[in-house]
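Here is the structure we will look at.
The values are calculated or read from the model by the stated rules, or taken from the named source; none is laboratory data. Small disclaimer: the values here were computed from a predicted structure and weren't measured. Because the Cβ atoms are built from the backbone with ideal geometry, glycine has one as well, and the counts that use them run over all protein chains shown. The area values use the complete protein model at the heavy-atom level, side chains included, leaving out ligands, DNA and RNA. Shrake-Rupley method; radii C 1.70, N 1.55, O 1.52, S 1.80 Å.
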Amino acid sequence: MRIPPLPKASLDLTGDKAAKRAVGNRPANVTSPITIDAYNPEWPAMFAKEEAAIRAALGAKALAVEHVGSTAVPGLAAKDRLDIDLIVADPADEDAYVPPLEAAGYFLRTRDPDWYQHRCLWTHDHGVNLHVFGPDCDEYLRHLILRDWLRTHPEDRDRYAAEKHRVAQEHPMDMALYVQGKTRIIIDILKRCGLR
């Protein structure tokens, strides 16, 4: 796997930028406090079910479907929401993948044309964030590298969990500040993975 560079900056999820990236019927703000739950051993099986639905909907258009984020790391506390990365030939070509995913129960909720052409679809209950990227995308590669490192380095996994708990307690109703608050430790761990 190619080693991507460190991210230049985290995605700005605040104010007007958050509103511009929102698609469809989604709440503007967090509606309940951000909670970090103990690792759920059912998360891998939940991912397998979602992966099967995504692959059934898209067939060969799904170039990769990967369980990423904290729910993909055994033993890591997380928000009870799966993060899945879907790789398609061109994320900007929404007509190629959004309609079949909508038929399968995923709905486009985020469009970030200036950030790797990222799109994000949610399930009705927002139990899944389905992130869409193009082939060889730096952010997708960082997701895989971070996931694989945390799976094999329990000291960093536990350090990351502690920081997530701290930031969630500090910003329980602000997802943008929660995400920004985790950036420093993520960068630190990615440096330990060899990213520069």
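Scanning segment 54-67 for residues that are surrounded by fewer than 17 Cβ atoms within 10 Å (Cβ to Cβ) and either free of Cβ contacts under 8 Å to residues at least 12 places away in the same chain or of a type in the set (G, A, S) (or both) yields R55, A56, G59, A60, A64. Does R147 fit the bill of being modelled with pLDDT of 95 or more and open to solvent by 30 Å² or more (accessible area, probe 1.4 Å)? For R147, the condition - modelled with pLDDT of 95 or more and open to solvent by 30 Å² or more (accessible area, probe 1.4 Å) - is not met. Of all the criteria given as (1) over 20 Å from Y178 (Cα atoms); (2) out of contact with any Phe, Trp or Tyr (no Cβ under 7 Å at 6 or more places or on another chain); (3) crowded, with 16+ Cβ neighbours inside 10 Å, the one not satisfied by S70 is (1). Look at (1) touching a strand residue (DSSP E or B) at 6+ places or on another chain (Cβ under 6 Å); (2) open to solvent by less than 10 Å² (accessible area, probe 1.4 Å) and you find that Y140 fails only one, number (2).
If you filter segment 156-191 down to residues that are in contact with a Phe, Trp or Tyr (Cβ under 7 Å, 6 or more places away or on another chain) and not β-branched (V, I, T), you find that the one that is farthest from P33 (Cα to Cα) is D156. Restricting attention to segment 83-101, does a residue exist that is open to solvent by 30 Å² or more (accessible area, probe 1.4 Å), under 11 Å from the mean Cα position of the chain (by Cα) and under 29 Å from P172 (Cβ atoms)? Checked segment 83-101: at least one residue is open to solvent by 30 Å² or more (accessible area, probe 1.4 Å), under 11 Å from the mean Cα position of the chain (by Cα) and under 29 Å from P172 (Cβ atoms).
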